[in-house]
Amino acid sequence: MHKVPRLVISAVRGGLGKTTLSLGIIAAWRSQGKKVASFKKGPDFIDAGWLGAAAGRPCYNLDLFLMAEESIRRSFVRHSTCMDAVVIEGNRGLYDGVDGSGTYSTARLARLLDTPVVLIVDCSKSSATVAAVVLGLKLYDPSVAVGGIILNNVSPGRHETVIRTAIEQSSGIRVIGAVPRMKHGEFPERHMGLTPFHEHPDVGKAIAASASVAEKYLDLTALWKIADDS
């Protein structure tokens, strides 16, 4: 498999900001002078359009249901050659698929492409229980390399500290970002909506807002190390 620094951005469920953070990471890396290739798991064309706009080059879909594994590998290698990094946005939750075995899941795609997963977890109305969820996801399939955790909807201070400590002590997985609860209208996804990027009135503003979230709340150095160690 072609070796290039790469990440799969996944979550415990849908609606936790995978697209916003994927856009932000891509835009932040581009601002550092890196050439970034983007991929979207599944046939979603709206997210793929936004990812391509952030990367400055087309985003390609990788669909385990519609594509043979060898076709996915070929597409990945073809479109990541000569790139400095790759960001793959998953869909739904990490192990979600058409059945209880997670067939066609983001986890299966990550295994196929030998790519570490950065997992977004929801911290709303929870503390150490979040660590139990992370540990369960790690143990559910040890062949899936969960390299880092991003906390979402977390309160800075004690709430964040308790969750960070619980996750790192129980699973050994590093927390590499903590995104706080944001006021209505502040989160970049509010600006994006479900609009194809080419129909959006201010694509640059929405992508810049995503980049601002990534730069402010994620440890981009740690994120790059996870990608580069893949």
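In table form, for the structure just shown:
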{"item": "The lone exception for residue 182 - which of (1) open to solvent by 40 Å² or more (accessible area, probe 1.4 Å); (2) modelled with pLDDT of 95 or more it fails", "result": "(2)"}
{"item": "Close pairs from segment 1-28: first closer than 13 Å to residue 113 by Cβ, partner open to solvent by 10 Å² or more (accessible area, probe 1.4 Å) and of a type in the set (A, V, I, L, M), Cβ under 8 Å, at least 6 apart", "result": "1/77; 2/77; 4/83; 7/226"}
{"item": "Failed item, numbered, when residue 130 is tested on (1) open to solvent by less than 40 Å² (accessible area, probe 1.4 Å); (2) in a loop (DSSP other than H, G, I, E, B)", "result": "(2)"}
{"item": "Residue in segment 211-222 that is open to solvent by 30 Å² or more (accessible area, probe 1.4 Å), assigned to a helix (DSSP H, G or I) and at pLDDT below 95 present", "result": "yes"}
{"item": "Filter result for the condition that a residue is of a type outside the set (Lys, Arg), in contact with a helix residue (DSSP H, G or I) (Cβ under 6 Å, 6 or more places away or on another chain) and open to solvent by less than 40 Å² (accessible area, probe 1.4 Å), over 150, 167", "result": "167"}
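The values are calculated or read from the model by the stated rules, or taken from the named source; none is laboratory data. These figures come from a predicted structure and were not determined experimentally. Ideal geometry is used to build each Cβ from the backbone, glycine not excepted, and the neighbour counts take in all protein chains shown. The accessibility values were calculated without ligands, DNA or RNA, using every heavy atom of the protein model including side chains. Shrake-Rupley method; radii C 1.70, N 1.55, O 1.52, S 1.80 Å.
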